[in-house]
Amino acid sequence: MEKTSGRQIRGPVHGKYITILSIDGGGMRGVIPGVILARLESLLQEVDGKDARLADYFDLIAGTSTGGLITAMLTAPNENQRPLFSAAEIVDFYKEHGPEIFPQRNWLGWVGNWIGNKIDQLRQVVGPKYDGKYLHKLLKTKLSSTRLHQTLTKVVIPTFDIRNLQPTIFSSFRKNNTAMMNARLADICIGTSAAPLFLPAHYFTSSDDIGKVKEFNLVDGGVVANNPTFVAISEATEQLREKNEHFPAIAPCDYRTFLVISIGTGAAENEHKYDAETVSQWGCWEWITNNALPDVFFEAGPDMVDYHLSVIFRSFHSKENYLRIQDDKLRGEEASFDNATKENLENLVKKGNDLLRKPVSRVNLETGHYEVVKHGDSNEEALKKFAQALSQEKKLREKNCLKTKEVE
């Protein structure tokens with residue numbers, strides 16, 4: 001395990017749980033998990049002091065697309081070997097840089113904006129909507145030369161290699177990875193954020209100590225795992241199967257040992273935007289201009305992951321160990337991938353705060369819809385319980401590790 005300010009993150013073998021944090025993709029909607037994570041970190045600070053950071057409590061943090069960027073922000077080390085960003089700084093990051101990543105046409109008026117939107121749609125037929133230059137420069141500046149295995153806790157960031165037509169999972173758990181997979185975090189984040197139609201695919205190379213080179217041709221990890229929670233659990237499960245010395249000697253399928261927080265970036269409310277009679281007549285132009293393909297890829301996938309995990313945790317009578325926080329009732333521009341106007345960003349902050357106050361919801365296994373848990377906590381109250389559990393887990397590990405050293 002990596003070091004943080006002279007302290008070492010204790011492996012789950014010294015505790016009771018394997019702790020996982022997962023963050024969905026969703027462009028500017030990353031503001032919503034930013035709000036949620038800031039509250040979780042503040043709750044941990046109330047228990048363990050102002051220097052507490054999320055990377056101190058999770059064995060694994062996973063993120064796709066904008067979630068991958070947040071993952072890097074929370075785990076990349078600064079010069080003091082502490083997280084580069086606190087969770088409280090995430091929202092400000094989006095407010096400052098979002099309008100430059102996704103430039104808006106606020107000065108054109110509604111007629112000009114309508115015309116501009118039609119031009120953008122036409123451009124998306126022949127190329128990505130944005131050139132990505134600002135995002136690329138920003139990530140390379142902020143993350144510098146930091147590589148995958150230098151993060152302060154383990155991370156998993158899914159991408160998709162368009163040349164090989166295969167998912168490429170960047171996981172700092174995988175000790176048997178070649179040095180070529182130990183890529184720069186900046187390149188990984190650019191790759192996982194390269195949403196088709198919006199940002200260009202990312203090509204880069206990574207080499208090992210003897211000069212062997214591996215090529216990567218990456219697009220957004222959201223096409224395979226916009227909700228990376230199951231990928232994260234799979235990575236941790238593999239450590240159990242391989243009998244990693246830092247993990248307890250339990251069966252890989254024993255989900256009672258997992259403590260998981262999964263945070264979504266919001267989804268559009270079902271407004272019956274599409275129907276079979278309509279889309280059966282569509283060609284390429286209609287699928288693109290109506291944003292139907294992004295809706296299908298980025299909304300259906302996360303719901304299937306949540307459905308599957310809900311079944312698993314319930315089957316092990318440990319549904320309280322899995323918390324999914326998601327708002328599936330975003331309307332209009334709230335659900336936009338790239339609306340970086342000041343008004344929309346402030347509205348997303350409000351959505352995040354409103355979501356904290358809403359009751360915990362779980363997917364109905366019959367209908368697939370989220371339903372409020374009867375007599376349940378609010379999301380904020382649930383986070384408070386998780387913060388207490390995470391703090392207790394951290395203290396238990398430190399205590400047991402100290403005992404082990406005394407015996408030695």
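General observations
- Ranked by the mean number of other Cβ atoms within 10 Å of their residues, highest first, the peptides 96-103, 219-226 fall in the order 219-226, 96-103.
- Ordering of 164-174, 33-43, 202-212 by packing [mean C-beta count within 10 Å, highest first]: 33-43, 164-174, 202-212
- In Hz, Karplus ³J(HN,Hα) per residue of the range 385-392 (6.51, -1.76, 1.60; θ = phi - 60°; x = Gly, Pro): 5, 5, 4, 5, 5, 5, 5, 5
- Rg to Rh quotient for the range 158-273, alpha carbon positions, Kirkwood Rh: 1.04
- Among the listed pairs Lys350/Lys385; Lys140/Lys395; Lys154/Lys243, a Cα-Cα separation exceeding 25 Å is found for Lys140/Lys395.
- Value in Å of the Kirkwood radius, where the range 52-94 supplies the Cα pairs that are averaged: 10.6 Å
- Summed over qualifying helices (DSSP H, 4 residues or more, each -39500 (n - 2.57)) and divided by its residue number, the chain shows a 222 nm mean residue ellipticity of -13000 deg cm²/dmol.
- Carbon plus sulfur fraction of accessible area for the chain, probe 1.4 Å, in percent: 52 percent
- Only Cα pairs under 8 Å and 6+ residues apart enter the sum, and on that basis the relative contact order of the range 190-305 stands at 23 percent.
- Under Karplus coefficients 6.51, -1.76 and 1.60, residue-wise ³J(HN,Hα) of the range 18-30 in Hz, glycine/proline x: 9, 9, 9, 10, 10, 10, 5, x, x, x, 5, 5, x
- Relative packing of 358-370, 131-143, 185-197, 81-93, which averages over residues the other C-beta atoms within 10 Å, highest first: 185-197, 81-93, 131-143, 358-370
- Radius ratio Rg over Rh of the range 260-408, counting only Cα atoms, Kirkwood formula for Rh: 1.10
- The charge dipole of the range 337-393, taken about its Cα centre with unit charges on the Cβ atoms of Lys, Arg (+1), Asp and Glu (-1) only, comes to about 140 debye.
- Separation of the range 221-244 and the range 58-92, taken as the distance between their Cα centroids, equals 19 angstrom.
- Toward the positive end of the charge dipole of the chain, with +1 on the Cβ of Lys and Arg and -1 on the Cβ of Asp and Glu, the farthest Cα among His246, Leu69, Thr146 is that of His246.
- Accessible surface for Phe230 stands near 70 Å², nearest 10, in the context of the full protein assembly shown (1.4 Å probe).
- Diagonalising the gyration tensor over the Cα atoms of the range 13-104 and scaling each eigenvalue by 5 before taking the square root yields semi-axes of 24, 15, 12 Å, largest first.
- Summed over the residues of the chain and divided among them, the accessible surface reaches 47 Å² per residue at a probe radius of 1.4 Å.
- Taken along the Cα-to-beta-carbon direction at a fixed 7 Å, the label points for Glu343 and Leu365 span 4.4 nm.
- Spin-label model, Glu269 to Gln81: label points 7 Å out along the Cα-to-beta-carbon direction sit 5.0 nm apart.
- From the coordinates shown, percent of Cα pairs over 41 Å apart corresponds to which of (1) 18; (2) 12; (3) 28: (2)
The values are calculated or read from the model by the stated rules, or taken from the named source; none is laboratory data. Model, not experiment: these values are computed from the prediction. Note that each Cβ is placed from the backbone with ideal geometry, even for glycine, and that neighbours are counted across all protein chains shown. Only protein heavy atoms, including side chains, enter the accessible area calculation; ligands, DNA and RNA are left aside. Shrake-Rupley method; radii C 1.70, N 1.55, O 1.52, S 1.80 Å.
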